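Colleague: Here it is, the structure in full.
Just so it is clear, none of the values below were taken in a lab; they were calculated from the coordinates. Everything numeric here is computed off the predicted structure, so don't read it as measured data. For neighbour counting, all protein chains shown are included, and Cβ atoms are generated from backbone atoms with ideal geometry for every residue, glycine included.
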Amino acid sequence: MRVLAATTNEGKLKEIKRIMEPLGFEVVEPKRKLKVEESGTSFLENAYLKACAYYKEFGLTTIADDSGLVVDSLQGYPGIFSSRFYALDFGGKELPEPSATEANIRKLLRLLKGIEDRGAKFVACVVLYTGDKGLFAEGECKGEILEEKRGEGGFGYDPIFKPEGFEGSMAQLSPEEKDRISHRGKALRKLSELLGGLGYTPQICP
Ligand code: IMP
C-alpha cells in the first residue's frame, strides 16, 4: 500500500519510513510543505486535520502523525504545542535561536530547574485517511526529563528524555531501539494491526 506521509519534519519522516516500510507500506514524501493550522485541542484532532489537508492537496491515502512531550509537573505542557513551545506565553517566551528545537529544550530545562518531579511521556497519534474512511491509533513512551542534553541521535526533545528502563537519553538509543519503544513505533504498529484486522495485507507497490 502506498501512503503519503503528511509531514516535512525530517525526523518524523525518517522514522515513519523506517517503521512502516518493513511492515509492507511504501511511504511517499509530499512534494511540498502545506501550512496546516493545527487548531485542534488534542493530538487526534490535529493529526486528522493534517491527514485531511494533505489528502485534499495530493489525493493519496495519507498518514499523519501528531505527537509531543507531555510533562507531569507542567500540567501536560508542552503537549500539542511541543514544536512551538518556545513561542508560547506559558512559562515565558524564548527566541528560536540557534533553532526552534534548541529554544524548546532551553525553555523546558529552565521551567524544570529545581523541580523534583521530572516525569513525562511522549505521545503520538497517527491517522490513516483514505478520503472517505479513517483509522487512528495512539502510542506512548514513558520516562523522565534529564537535567541536560545527552546524545546526538533522534530529533526534537530526544536528548533530554530518558525512557523508562534505560540509563541514557532517547538520543543515545540506536534507531532500532528507539522504534521498538517509541510512541511513534507503537502507534504505527497498532495502525498496521488494525488494517490487518480489516483483512488488508500490505504489499510493497511494484
Ligand atoms: P507536530 O508536528 O505538531 O506533531 O510536532 C511534534 C513535536 O513534538 C516535534 O517537533 C518535537 O518537538 C516533538 N516530538 C514528537 N515526537 C518526538 C520524538 O520522537 N522525539 C523528540 N521530539 C518529538
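Colleague: Quick check: pseudo-label points 7 Å beyond the Cα along Cα→Cβ at K56 and L135, how many nm apart are they?
Modeller: 2.5
Colleague: If you don't mind, there's one more thing I want to ask. Determine which aspartates and glutamates satisfy two conditions relative to K162: a Cα distance under 17 Å, and not lying fewer than 8 residues away in the same chain.
Modeller: Correct list for K162: D72, E116, D117, E140, E144, E147, E148, E152, E176, E177, D179.
Colleague: By how many nm would the segment from L198 to E152 lengthen if fully extended, with 0.36 nm per residue of separation less the alpha-carbon distance?
Modeller: Working: separation 46, 0.36 × 46 = 16.56 nm, distance 3.94 nm.
This chain segment gains 12.6 nm when fully extended.
Colleague: By how many nm would the segment from A87 to K190 grow when fully extended, if each residue of separation counts as 0.36 nm and the alpha-carbon distance is taken off? Could you put the intermediate results ahead of the total?
Modeller: Values: separation 103, 0.36 × 103 = 37.08 nm, distance 3.30 nm.
Contour length minus the Cα-Cα distance gives 33.8 nm.
Colleague: Could you let me know the centre-to-centre spacing of the stretch 5-50 and the stretch 103-123, using Cα atoms, in angstrom?
Modeller: If we compute the Cα centre of each part, the gap is 25 Å.
Colleague: What's the ranking of 44-51, 122-129, 57-64, 32-39 by average number of surrounding C-beta atoms within 10 Å, highest first? Don't skip to the answer; put the middle values down first.
Modeller: On the way: 44-51: 21.6, 122-129: 25.1, 57-64: 19.8, 32-39: 10.6.
Per-residue Cβ counts within 10 Å, averaged per peptide and sorted highest first, yield 122-129, 44-51, 57-64, 32-39.
Colleague: Hey, another quick one. Setting aside same-chain residues fewer than 8 positions from K33, which aspartates and glutamates have a Cα under 14 Å from its Cα?
Modeller: E10, E57
Colleague: Can you show me the helix-derived [θ] at 222 nm for the chain, built from DSSP H runs with n ≥ 4 at -39,500 (n - 2.57) apiece and divided by the number of residues, rounded to the nearest 500. All intermediate terms of the calculation are to be shown ahead of the outcome.
Modeller: On the way: 5 runs with 61 residues, N = 206.
Only helices count here, giving -9000 deg cm²/dmol.
Colleague: If I take every Cα pair under 8 Å that is 6 or more residues apart in the chain, average their sequence separation and divide by the length, what percent do I get for the relative contact order? Before the final figure, lay out the partial values.
Modeller: Details: 413 pairs, mean separation 42.0, N = 206.
Averaging sequence separation for qualifying contacts and normalising by length gives 20 percent for the chain.
Colleague: I've got another one for you. In nanometres, what is the gap between the two model label sites at R32 and L109, each 7 Å from Cα along Cα-to-Cβ?
Modeller: Modelled inter-label distance: 3.8 nm.
Colleague: Let me ask something else. On a straight-distance basis, which aspartates and glutamates could pair with K149 in a cross-link, Cα separation under 14 angstrom, same-chain partners fewer than 8 positions away excluded?
Modeller: Partners found: E102, D158, E167.
Colleague: Right, here's the next one. For the residue pair E21 and F166, what label-to-label distance in nm results when each label sits 7 Å from Cα along the Cα-to-beta-carbon direction?
Modeller: The answer from the label model is 2.1 nm.
Colleague: Could the peptides 184-192, 139-147, 110-118 be put in order, highest first, of the mean number of other beta-carbon atoms found within 10 Å of their residues?
Modeller: Most protected by this proxy first, the peptides run 184-192, 139-147, 110-118.
Colleague: Using the Cα gyration tensor of the stretch 2-196, with a ≥ b ≥ c the square roots of its eigenvalues, what is the shape: rounded (a/c below 1.5), prolate (a/b larger than b/c) or oblate (neither)?
Modeller: Values: a/c = 1.94, a/b = 1.48, b/c = 1.31.
Since a/c reaches 1.5 and a/b is larger than b/c, the shape of the stretch 2-196 is classed as prolate.
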